[in-house]
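Here is the structure we will look at, set down as structure tokens.
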Amino acid sequence: MDKVETGTAHGHEHAHGHAHHEELGFWRKYVFSVDHKVIGIQYAVTGLLFLLFGFCLMMLMRFQLAYPGSPIPLIGGLFGPDKAPGGIMLPEFYNQLGAMHGTIMVFLGVVPLAVGGFGNFVMPLQIGAPDMAFPKLNMMSYWVYFCGGVVMLVSFFLPGGAANSGWTSYPPLSVIATIGQTAWLTGMVFLITSSLLGSVNFIVTIVQLRAKGLSYMRLPFFVWAQFVTSFLLLLAFPPLEAAGVLQLMDRLAGTSFFMPSGLVVSGRPLTVAGGGNPLLWQHLFWFLAHPEVYVLILPAMGIVSEVIANNTRKPLWGYRALVYSIIFLGFMSFIVWAHHMFMTGMGTNISAFFQVTTMIISIPSVVILTALLLSLWGASIRFTTPMLFALAFLPMFGIGGLTGLPLGLAPSDIHLHDTYYVIGHFHYVVAPGTIFALFAGVYYWFPKATGRKMNDTLGKIHFWGSFICINLVFMPMFIQGLGGMNRRMYDGGMQYAHNAGLLKWNVVIGFAAWGLGLFQLPFIVNFFSSIKWGAVVDRNPWEATTLEWSAPSPPGHGNFLTEPVVYRGPYEYSVPGAASDFTPQFEPKGA
Amino acid sequence: MEIPYTVEPRPDSGLANGKLGIWLFLASEVMLFGALFSTYILLRVGAAEWPHGELSIKLGAINTVILICSSVTMVMSWASLKLNNFSKGRLYLLITIVLAAVFLVNKYFEYADHFARGEGPWHNTFLAIYFTLTGLHGLHIIGGIVVMAYLLGPGAGLWKRNPEQYTNRIEYTGLYWHFVDLVWIFLFPVLYLL
Amino acid sequence: MHSDQEAIKKSIRSYMVVGALLLVFTGVTVAANSFHLAVPAAITLALIIASIKGTMVASVFMHLSHEKKWIYGSLLLTVVFFIVLLFLPLLTVAGGIGKPTGAPVVAHESGAAH
């Protein structure tokens, strides 16, 4: 089906124009590689491991919430007397788990997998590039991320444990917190630096290294998603880096950027200059953290779009609408952040401004979701494993998005702010939303990276088990939140009378979380065993139209042997009069 | 395996990879310093009183002049290389480094003066933001010196192998350096005068 | 290329001119400070002068006046968000501008608290 000649097996260098080729040693080939595919896999595997670790932290929390004050079974003794004496979780430890679960999932798990992993591996292939624009910078980005991850993990072993002031690290609490918070801030500086370097690389690669004939409006939507995401990372992260430095100075140099005057801690006035503003942190933090949530969802939308187009055998509905919406969404994401701060005492006018921008930003989201839904109309749907996850993404993201609306309006937010409703809302978008899309991406591009397909039966067990359990985990949280149950309470809210009728849901959620964990086992087994024993496939097992499927599975160094040329748009499926139900971008006209 | 457009510009964008890359990096730096300026605004607006006369306007003005001159010498270095005059280019680069070093020496004297009186960043919010803004700016100066020293020393061999790529690297360094100068152009009045 | 060389020589003249202008404007900035204007006027004047200087550095030294669309576009976007970052947080505390917090001012000698 494909007419582009490409390199042969992995490790062989036949790129055109290259006079000599040297075999790289083990370290330069697999550890400090500058090849975007190796780096992408490094990001992906590290990201998946961090997701698993973050999941385990959550399991510990959910046990405590279901059975507050009970000793943690089997492993309770491992945590030591300063975290869980007699196996019973201390509130301090619960807070560490909470702060680190959020931090690890967002910054060490989802973004590295979605952007570092999928972006790095797939994007250059999809645009017909031999690699990223700055391969050495790419390699550095991964290792800086890795260092940040190590710092975050090591922080658990510091005196006082890991950071425990929420992933949001609000001062003054975070400024007077234990040393783990300093480690958190240090780790964040590493992670932010890694992201910034990566985003420059992505943008330059997409602008400069597109193949001949690949105009912007012929780009796969996945590439558009990565493009906009990179701008979000580039422009939104630096304020948090600045804020991190400011908080480090408050903690280490005694400054009062965030420390108000007259603060009293444990009955004694703090000996700081004062005059600082805790809201300053909130502004700088959320200025990043709101675009960050779009960093979490945009690559997922990109992945889902690719999988849907491929498994409906139709072009995506409304390509232009999708592109303009995602650009508009990216822009709007910078001017909604204070909807995380409605309860901080801002005036009604500025509150109205942020409510309006928040309502407006839901429009492009709905356009994208609708376009994807309409893409299913009249389609020949193939229910492959990636497609199951991609299809589930749609209603799950729908629920997540809709439940965001009462949070984005200040009057309803008064009741729902800082309750489990918020937790339910954002987990719906990230967990059965983004993470499902990432699973779809793993199943979809695994053949390209390894030359083998993952097992379908295990994939379907993984899907159905996860889908049922994940809804049982997060749906009850809306009930709890509407009932007024606060978040971040180590005893599950036991102390408050109004929570009495809601506590039983913690047990349900606990069991569902266990189920969810168990159903990841087929995936883990499938992932590793398919690398060795999966069904061997050729270069285009999904019969897809985008450029990456013209390279061999896996692609060699340099990706393409002859210069790839693009002749048409990315989703020419079921073209009337064509010989087959898909016409790849790279197939010459009249062939 | 060659990455295209590392030296010669891509026709439709008109850019070489490094040029776009450095400008994007500078865009992120605008946001970084922007956050600190935002901090300054919020803290000053919330302060009952804001100190005046704590900083030496003379030293600040001298440093402004030094940095402006270094920007001129930096762009002259690039221009000399474009005119194929390697030795002149190197001389201008060296002068830029020297001027940058003098800037840092002046900053050292300013900081030492404050610390001698026990007035560090912990003393009040004005000094906190002053030390942070000028400290971060100073770190950027150091970074610039490191890159320039590399291009003057071990990195200079690239001129023989690929003069256009070397000239481009000087240009990108220059863009970074002018940005550092630009930040100071705003820092000086905001911190020293207002 | 000859025309290239000519263009560079012309640019060198403009670099020197701009350099001199920057020094002049620096002098103006310092001199303006001695007028002791009211704070809002002083801020406005200082920012105007700094903006003029900054524009000169950007357009001449950084060649921004003949740069390409992608650069302009990225910078324009950045400037918009820069302004948002600078002014929107201010608006959330706008009700309290100029009002002292009333909290006790604690005098101290020592440095870092932890």
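Points to keep in mind about this one:
- Each Lys and Arg contributes +1 and each Asp and Glu -1, all at the Cβ; summed about the Cα centre of the protein assembly as shown, the dipole is approximately 620 debye.
- Its Cα gyration tensor gives chain B an equivalent ellipsoid; the semi-axes, largest first and in whole Å, are 36, 19, 12.
- A simple packing score, the average count of other Cβ atoms within 10 Å per residue, orders the peptides A:421-432, A:59-70 as A:421-432, A:59-70, with the highest score first.
- Take each residue in B:79-85, count the other chain C-beta atoms within 10 Å of its C-beta, and the mean is 3.
- Contact order relative to length of chain A, as percent, for alpha carbon pairs under 8 angstrom and 6 or more apart: 20 percent
- Lys/Arg +1, Asp/Glu -1 at C-beta; chain A dipole; positive extreme among A:Ser256, A:Met454, A:Pro588: A:Met454
- Order of C:Trp70, A:Trp533, A:Trp281 under a 10 Å beta carbon neighbour criterion, fewest first: A:Trp533, C:Trp70, A:Trp281
- Average beta-carbon neighbours from other chains, 10 Å sphere, peptide A:208-215: 3
- Over chain B, DSSP H runs of length four or greater, each weighted -39,500 (n - 2.57), average out per residue to a 222 nm ellipticity of -26000 deg cm²/dmol.
- Considering only beta bridges that DSSP places wholly inside the protein assembly as shown, some 90 percent are antiparallel.
- Inter-site label distance for A:Ile75 and A:Ser529 at 7 Å from Cα along Cβ, in nm: 2.3 nm
- Ranked packing of A:299-311, A:74-86, A:505-517, A:229-241, most packed first, by mean Cβ within 10 Å: A:299-311, A:229-241, A:505-517, A:74-86
- Full-extension gain in nm, A:Met217 to A:Tyr30, via 0.36 nm per residue minus C-alpha separation: 63.8 nm
- Modelled label positions at C:Tyr72 and A:Cys56, each set 7 Å beyond Cα in the direction of Cβ, lie 5.5 nm from each other.
- Computed [θ] at 222 nm, helices only, for chain A once each DSSP H run of length n ≥ 4 contributes -39500 (n - 2.57): -18500 deg cm²/dmol
- Label point at A:Glu92 placed 7 Å out along Cα→Cβ; residues across the stretch A:128-167 whose backbone nitrogen lies under 19 Å: A:153-167
- With only Cα atoms counted, the protein assembly as shown has Rg and Dmax values of 28.4, 85 Å.
- The phi-based Karplus calculation (6.51 cos²θ - 1.76 cosθ + 1.60; θ = phi - 60°) puts the 3J(HN,Hα) values of the stretch B:12-17 at 6, 8, x, 10, 8, 3 Hz, whole numbers, x for Gly and Pro.
- Descending by average beta-carbon neighbour count within 10 Å, the peptides C:39-48, B:85-94 line up as B:85-94, C:39-48, the highest first.
- Degrees separating the helix A:135-154 axis from the principal Cα axis of chain A, which is the longest one: 30 degrees
- Percent of Cα-Cα distances greater than 11 Å, calculated over the stretch A:208-254: 74 percent
- FRET efficiency, C:Val39 to C:Ser59 (Cβ-Cβ, R0 35 Å, nearest 0.05): 0.70
- Taking each of A:Lys460/A:Lys532; B:Lys58/C:Lys53; A:Lys29/B:Lys19; A:Lys314/A:Lys532; A:Lys37/A:Lys453 in turn, the alpha-carbon distance tops 25 angstrom for A:Lys29/B:Lys19; A:Lys314/A:Lys532.
- Mean-position separation - Cα centroids, the stretch A:94-152 and the stretch B:151-194, in angstrom: 29 Å
- The stretch A:156-265: proportion of alpha-carbon pairs further apart than 24 angstrom, %: 43 percent
- Inter-part distance where the stretch A:184-255 and the stretch A:512-571 are each reduced to a Cα centre, Å: 26 Å
- Descending Cα extents along the principal axes, the stretch C:1-61, whole Å: 55, 15, 8
- Among the residues of B:184-191, the average count of other protein chain beta-carbon atoms within 10 Å of the residue beta-carbon is 5.
- Cβ-defined net charge surrounding B:His114, 13 Å radius [Lys, Arg +1; Asp, Glu -1]: -2
- Anisotropy class of the stretch A:371-484 from Cα gyration tensor, a/c 1.5 cut: prolate
No value in this document is a laboratory result; all are computed from the given coordinates. All values derive from a computational prediction rather than experimental measurement. Cβ coordinates were reconstructed from backbone atoms using ideal geometry, including for glycine residues, and neighbour counts include every protein chain displayed.
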